[in-house]
Amino acid sequence: MTALTPSTAAPARPAQRGRNMRAGLRLGIMTMVGRAYPRLVAANREPDWIFYEVALPLLQICAFALVYKALHAPQQYIGLVILGGGMMAFWINVLWSMAAQLHWERQSGNLELYLMAPASMLWILAGMAIGGMLATAVRATAVLILGSLIFGVTYNVVSYPLVILAFLFSLVALYGLGSMLASLYLLYNREVWAIQEVIQEPVALLTGSYVPVAALGPYVGAFAALIPLTLGLDAVRQLVFPHLLPTLLPAGLEIAILAVLVVVFCGGAAWSLNFIERRAKIQGKLSLKWQ
Amino acid sequence: MSHSAQDTVPAIQTIDVRRVYQARGGRSIGGAQAGKGVTALDGVSLTVQRGEIFGLLGRNGAGKTTLIKILTTLLAPSGGQAYIDGMDVTRDVIKVRQIIAMVSGGEQSGYGILTVREQLWMFAQFYGVPSKVAHARIDELLSAVGLGDQANQKVYALSTGMRQRMNLCRALVSDPEILFLDEPTVGLDVEASRAVREYVRKWMGENPRRTVLLTTHYMFEADELCDHVAVINHGQIVAEGTTDDLKRGLQEHARFQLEMAEWLPAFTEMLRERDGVVDAQTEQRNDRTQLRLALLREEFIVPTIASINEAGGRVLALRRIEPTLEEAFVRLVGDEAESQREGEEAQR
Ligand SMILES: Nc1ncnc2c1ncn2[C@@H]1O[C@H](COP(=O)(O)OP(=O)(O)OP(=O)(O)O)[C@@H](O)[C@H]1O
Ligand SMILES: [Mg+2]
């Protein structure tokens, strides 16, 4: 056989490397925007989302709110429920549109095409996440505003920058966790539905979306803290309803832990994606056959 | 970049590529054999030059898709080397991915809620094609495959044939150099599959560096499109060459069919005794006689006809019988019934 010229032989000069890096970044961002696009479009093209993603959460919030009212709890408790409902929208989005997503993408054949594209799959995941976050933000905001108006809840914000920081960190950590799960789900494709069902409801309770976390006790609380929603929600609650409730940890510490979770989950997502890709290439599991 | 050196690098080259699929779960279900897995590719060596449309033919389960998956960096080979434009598909993954594209028959890629244009734009994004360039390309591609009117239609509303043509556009929107087509016309009607074939040929004609590796079960498609073909059977290449090579390789004798008038049965005997005539058969058709000749070599047809004329027979028409690619294929890999029996056995 003729010797083939190895294409990697020539070492890139620094200027060249800089240009390559910029080109790589540009490609990555374009990939991300491309993948985010269908999520944003889908959000507005199917009008029934208004029912499923705003009306249903509102109904759920109403149910809890009425219970609190019956117990003559302060008005702010209902505010807690509304905040939790808004955050739950993100969790549901992460579960069904991040964690389970690669599983669906494999069934449609998209997974192969995404891998075959020159940018890292992480950009695809980032696009999915950003698209999902933006689309869900519209719903969560709708739930928040409508819920607050209906029940006349007022907020007493301690520090806007901290609220925003806590919210953003928990969101990024949450989607990082979703990306990590997405790769792992590819390994266990049959069990996905079972896992989804098992996770969704307990998480709503554990993370304190409808019930304050601190009420669950320190051990359950510590476990729940692994899910970024818990700490994020607790921090935001402290910052908008100060002194209302016993808290899990001081808000500043919670935000610091969230920052660590961001690194852990995003790093974990990168690692598991790489692991899955290599393993799937060896096992031949990137596509499904129905024959 | 020195072009002369570049052009000698084959577009696609595989050296002794092997691929074994391990049995699912690693547990042996049907005794010891089940644990060994399936050998899908068993030492495949192929070279495809720039500018070629190369056809890979083989029965179901022969290993065609497996080879394409390896070449498109989606599957790791169990052994051997594979190169795209001189780049190793297992090591230079990113560079390989920049110049390839793949379309599979019946693929359901993309998102139904997007319009055709949006879907193609999304895939152009993944290859860093600026939006302006992408939209110009999308317009051109869609009208070329007859989907100009569907640009703003939702993807879920497309028929199978429209969808498949859109898939072809999807692959071409990144302007790849090397295109893999895995049964691109499966399930398409006559017109749609012709549209796909015609466009592939036109696309190839636009740039001499473009290369296509195609699999198909339609022999006429391979015959019509491909410069070179290889026949793969049980993971091994059993024949390779131009379609004409394959057909000729099959034919030991030159075969002719003649329409005769004023034929006498004695002529047949006379012909059979002539030098260079391997066989002669006749069949009565109304007032004519159809004569089938097998000759040692093509050149023997001239003296043979001369001797018929001398004896008083009259040749009305003469036709050389060419074997079809399908015949060549069946000869190489066995017939359908056999393949089905084997397939059923493999299922168990
Ligand atoms: N992911 C997989 N896991 C296990 N075995 C596989 C896998 N993919 C293919 N095989 C096996 O490898 C062999 C070759 O399959 P391949 O899909 O490459 O055939 P093919 O030539 O493309 O067939 P077809 O014409 O039906 O598309 C078959 O025996 C098939 O069952
Ligand atoms: Mg196949």
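Taking the Cα centre of the range B:167-306 as the origin, how large is its charge dipole in debye, to the nearest 20, when only Lys and Arg (+1) and Asp and Glu (-1) carry charge on their Cβ atoms?
Dipole magnitude for the range B:167-306 comes out near 140 debye.
Compute the Rg to Rh ratio over the range B:252-320 from the alpha carbon atoms, using the Kirkwood formula for Rh, and round to two decimal places.
Value, to two decimals: 0.92.
Express as a percent, rounded to the nearest 5, the fraction of DSSP beta bridges in chain B (both residues included) that run antiparallel.
70
Per residue of the range A:115-130, in order, report the coupling 6.51 cos²θ - 1.76 cosθ + 1.60 (Karplus, θ = phi - 60°) as ³J(HN,Hα) in whole Hz, putting x for Gly and Pro.
So the Karplus estimates, Gly and Pro as x, are 5, 6, 6, x, 7, 4, 4, 4, 5, 5, 4, 4, x, 4, 5, 5 Hz.
Just the accessible area per residue of the protein assembly as shown, please: how many Å² with a 1.4 Å probe?
48
Obtain the nm distance between the two label points defined at B:T8 and B:R292 by a simple spin-label model: each point lies 7 Å from its Cα along the Cα-to-C-beta direction.
5.0
Using θ = phi - 60° and the Karplus curve 6.51 cos²θ - 1.76 cosθ + 1.60, what whole-Hz ³J(HN,Hα) does each residue of the range B:11-22 get, with Gly and Pro shown as x?
Result, ordered by residue: 5, 9, 9, 10, 10, 6, 6, 10, 8, 10, 8, 6 Hz.
Using a probe radius of 1.4 Å on protein heavy atoms only, what is the accessible area buried between chains A and B, both sides summed, to the nearest 100 Å²?
Answer for the A-B pair: about 3600 Å² buried.
Take chain B, connect every pair of alpha-carbon atoms lying under 10 Å apart with a spring to form a Gaussian network, then pick out the residue of B:W203, B:W121, B:W263 with the largest mean-square fluctuation.
B:W263
What percent does the relative contact order of chain B come to when contacts are Cα pairs within less than 8 Å and at least six residues apart?
About 17 percent, as a whole number.
Most fluctuating residue of B:K36, B:K202, B:K95 in a GNM of chain B with Cα springs under 10 Å: which is it?
Its mean-square fluctuation being the largest, the pick is B:K36.
Scaled to the compact-protein estimate 2.2 N^0.38 Å, what is the alpha-carbon radius of gyration of the protein assembly as shown, rounded to two decimal places?
Computed over Cα atoms of the protein assembly as shown, the ratio equals 1.28.
Nearest 5 percent is fine: what portion of the DSSP beta bridges confined to the protein assembly as shown is antiparallel?
70
In terms of Cα to Cα distance under 13 Å, which aspartates and glutamates are near enough to B:K69, apart from those fewer than 8 places away along the same chain?
A:E112, B:D182
What is the sum of charges around A:A280, taking Lys and Arg as +1, Asp and Glu as -1, for the other residues whose C-beta is under 12 Å from the C-beta of A:A280?
Here the charged neighbours net out to +4.
Of the candidates B:D149, B:D85, B:D182, which one comes out as most mobile in a Gaussian network treatment of chain B with C-alpha springs shorter than 10 Å?
Comparing B:D149, B:D85, B:D182 in the GNM, the peak value goes to B:D149.
Looking at the square roots a ≥ b ≥ c of the eigenvalues of the Cα gyration tensor of the range B:36-178, which shape do they give, rounded for a/c under 1.5, prolate if a/b is larger than b/c, or oblate?
Prolate shape, in that a/c is at least 1.5 and a/b is the bigger ratio.
Need the per-residue list for the range B:118-151: every residue with at least 40 Å² less accessible surface in the complex of protein chains than in the chain by itself, probe 1.4 Å, sorted by number.
Those residues are B:E118, B:W121, B:Q125, B:F126, B:Y127, B:G128.
Which percent of the accessible area of the protein assembly as shown is formed by carbon and sulfur heavy atoms (probe 1.4 angstrom)?
58
Name the aspartates and glutamates eligible as straight-distance cross-link partners of B:K247: C-alpha to C-alpha under 14 Å, and not fewer than 8 places from it in the same chain.
Correct list for B:K247: B:D223, B:E224, B:D227, B:E322, B:E326, B:E327.
Sequence-distant or interchain residues sharing an amide H contact under 5 Å with B:I237, placed H: which?
So B:I237 has HN proximity to B:S45.
How much net charge surrounds B:G79 when only other residues with a Cβ under 13 Å from its Cβ are counted (Lys, Arg +1; Asp, Glu -1)?
Residues near B:G79 contribute 0 overall.
Let a ≥ b ≥ c be the square roots of the eigenvalues of the Cα gyration tensor of the range B:109-240; is it rounded (a/c under 1.5), or, if not, prolate (a/b larger than b/c) or oblate?
Since a/c reaches 1.5 and a/b is larger than b/c, the shape of the range B:109-240 is classed as prolate.
Residue by residue through the range B:118-131, which ³J(HN,Hα) values in whole Hz follow from phi under the Karplus form 6.51 cos²θ - 1.76 cosθ + 1.60 (θ = phi - 60°), with glycine and proline marked x?
Per residue, the Karplus-derived 3J(HN,Hα) values read 4, 4, 5, 4, 4, 5, 5, 4, 5, 10, x, 7, x, 3 Hz.
What is the spin-label model distance, in nm, from A:L134 to B:R285 if the labels are put 7 Å beyond Cα along the C-beta direction?
For A:L134 paired with B:R285, the spin-label model returns 6.9 nm.
Cross-link list A:K281/B:K64; A:K281/B:K132; A:K285/B:K132; B:K36/B:K95: which exceed 25 angstrom alpha carbon to alpha carbon?
A:K281/B:K132; A:K285/B:K132; B:K36/B:K95
Using a 1.4 Å probe on the heavy atoms of the protein chains only, list every residue of the range A:72-111 that has 10 Å² or more less accessible area in the complete assembly than in its chain alone.
Relative to the lone chain, where solvent access is computed with a 1.4 Å probe, the range A:72-111 loses at least 10 Å² at A:S108, A:N110.
The values are calculated or read from the model by the stated rules, or taken from the named source; none is laboratory data. Predicted model, so just to flag it, every value in this text is computed and none were measured. Glycine gets a Cβ as well: all are built from the backbone with ideal geometry, and neighbour counts include every protein chain shown. The protein model used for the area step is the full one, side chains on, heavy atoms only, and it has no ligands, DNA or RNA in it. Shrake-Rupley method; radii C 1.70, N 1.55, O 1.52, S 1.80 Å.
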